[in-house]
Amino acid sequence: MRQEIRIVVRNVAIVLAIVAVGLLWSSPGYAFLHWWECDGEPITWDSNPDRLRASDDSFPPGNAFRAALGNVVDRFNRNPSNFNFDLRYDERRVRVGGAQSEVWFTDDPDLHYGYAAMTYPVATCRELRTMDIVFNVNEVWTSGTDQAANEKYGGSAMSFQTVAMHELGHAMGLNHEGDEYNVMGRGREHVHANCSQARAYLGEDASDGAVHLYGANPTAGEDVGVVHWKWLSRVEFGDADFSDHTRTRIHPVSEPIIVWYEDDEPNYLLRNGQTIDVEFTFENNGGSRQAYVAVGFYLSSNDCITDWFDRRIGGFAADLGRNQVWTTTRRITLPDDLEAGGRQYYLGVIVDETDALDEFDESNNATYVARFYINPVPLE
């Protein structure tokens, strides 16, 4: 008996041809433990890498979205599992449910359903056969990583790269996830920002899912990172649920602080010598646990946090296992010699500040929590 089951959830449509009798469901559990199952077993690819063909109309040579797609797949393929995608370009004919996996832009509402993107897998029980990804051409997209263009930072465009990373997670076999900060939740809020750039990445939680489904790659590289986003809540949508994310914050200790937003960026009014709790989210995206990682807090005059010109004001040693995203607050005291009035400062952090790790991605080691100003009224 051949049974076709169609499940449509936000940003992803699942079309599976199920051979023999069996039910398809999203597995219960925590964090990355959400994938597609049949008869109690995960549905996965039986070979690696899986070839993904990009439409020649949507991703022609020299096109910015062609470069963006290649960048996302390259970042995805650095995950510590035994699975990756083999991206090929210039596919002339694309359609949902064909004999090969394809990716393209479409204006067909019967394919994008009004969402930014949809993923269409075709599978037998326990085995994915093809995986098609379509993007809604009517969305206002940005192909690059310029933070000012991103809708999550006051811009007007949706990040193609963050949405594409989310869809590749589905294409690998992961379902939506609601229990932790991760790309399979609100993927557009799963981004690393520093130096006016906002970059998409797979993240620790989805990487753990990849390892669970396909096994750990013994030659996987190492990578630790830090972001100014965190898990906020679980959002239910139809038969699925996924995580809602928000910015990390500066929290008061004993004295109230003032916060306001400009272009979706938090701003704080603080005082010289004030003690505050600073919140960041740390991740281990690599192949093995890092038991001692040097972390430093820095003050900068801009949103580009580095250890070259910025002022170190504290730090700690982090134990980053490759199993759970870690959002934490740390107490620091601001110096008492900062300029009051209109000068802006950025409070940031650098993970692996001593460069002890040989990492496959060094671009995600620093970020900022917010910009702030010093209240000219002194502490009593």
note = Placing +1 on each Lys and Arg Cβ and -1 on each Asp and Glu Cβ in the range 246-374, then taking the dipole about the Cα centre, the residue among Cys304, Ala340, Thr354 whose Cα reaches farthest towards the positive end is Ala340
task = Pairs of Cα atoms under 8 Å, at least six residues apart: use those to get the relative contact order of the chain, whole percent.
result = 15
key: Rg to Rh quotient for the chain, alpha carbon positions, Kirkwood Rh   = 1.00
inquiry  = Show me, for the range 141-158, the HN-Hα J-couplings you get by feeding each phi into the Karplus relation (A = 6.51, B = -1.76, C = 1.60, θ = phi - 60°), rounded to Hz, glycine and proline as x.
reply    = 10, 10, 7, x, 10, 4, 4, 5, 7, 6, 4, 7, 10, x, x, 10, 10, 7
task = Let me know the whole percent of all Cα-Cα pairs from the range 158-309 that are separated by more than 20 Å.
result = 58
Leu269/Tyr113 FRET efficiency (R0 51 Å; Cβ-Cβ; nearest 0.05) = 0.70
inquiry  = Counting pairwise Cα distances across the range 257-324, what percent come out greater than 13 angstrom?
reply    = 76
note = Any residue on another chain or 5+ positions along whose placed amide H is under 5 Å from the amide H of Thr142 is listed here as Met158, Ser159, Phe160
query = To the nearest 20 debye, what is the magnitude of the charge dipole of the range 2-221 about its Cα centre, counting +1 on the Cβ of each Lys and Arg and -1 on the Cβ of each Asp and Glu?
reply = 300
request  = For n ≥ 4 DSSP H runs only, could you compute -39500 (n - 2.57) per run for the chain, divide by its residues and tell me the 222 nm figure to the nearest 500?
outcome  = -3500 deg cm²/dmol
key: Reference-scaled alpha-carbon Rg (2.2 N^0.38 Å with N residues) for the range 276-380   = 1.16
note = Under a Gaussian network model of the chain whose springs join Cα atoms within less than 10 Å, the largest fluctuation of Arg343, Arg322, Arg271 belongs to Arg343
ask   = By how many nm would the segment from Asp336 to Ser301 grow when fully extended, if each residue of separation counts as 0.36 nm and the alpha-carbon distance is taken off?
value = 11.0 nm
ask   = Using modelled backbone amide H atoms (1.01 Å from N, in-plane), which distant-in-sequence or interchain residues come within less than 5 Å of Val224's amide H?
value = Asn285
message = Students often check this: by mean Cβ neighbours within 10 Å, which of 109-119, 363-373 ranks highest, and how do the rest follow?
response = 363-373, 109-119
remark   = The alpha-carbon center of the range 216-239 and that of the range 43-86 are separated, in whole Å, by 19
Rg [Å, one decimal], Dmax [Å, integer] - the range 2-221, C-alpha atoms = 16.5, 53
ask   = Using 0.36 nm per residue, how much length does the chain from Ala64 to Ala294 gain when fully extended, once their Cα-Cα distance is taken away?
value = 79.1 nm
key: Electrostatic dipole magnitude of the chain [Cβ: Lys, Arg +1; Asp, Glu -1; Cα centre; debye, to 20]   = 300
query = Can you list the residues, at least 5 places off or on another chain, whose amide H is less than 5 Å from the amide H of Ser101, using H built in the peptide plane?
reply = Arg53, Met131
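Each reported figure results from applying straightforward, stated rules to the coordinates on display, with no laboratory input. Note that the coordinates shown come from a computational prediction; the quantities given were computed from them, not determined experimentally. Quick reminder, even Gly has a Cβ in these numbers, built from the backbone with ideal geometry, and neighbours come from all protein chains shown.
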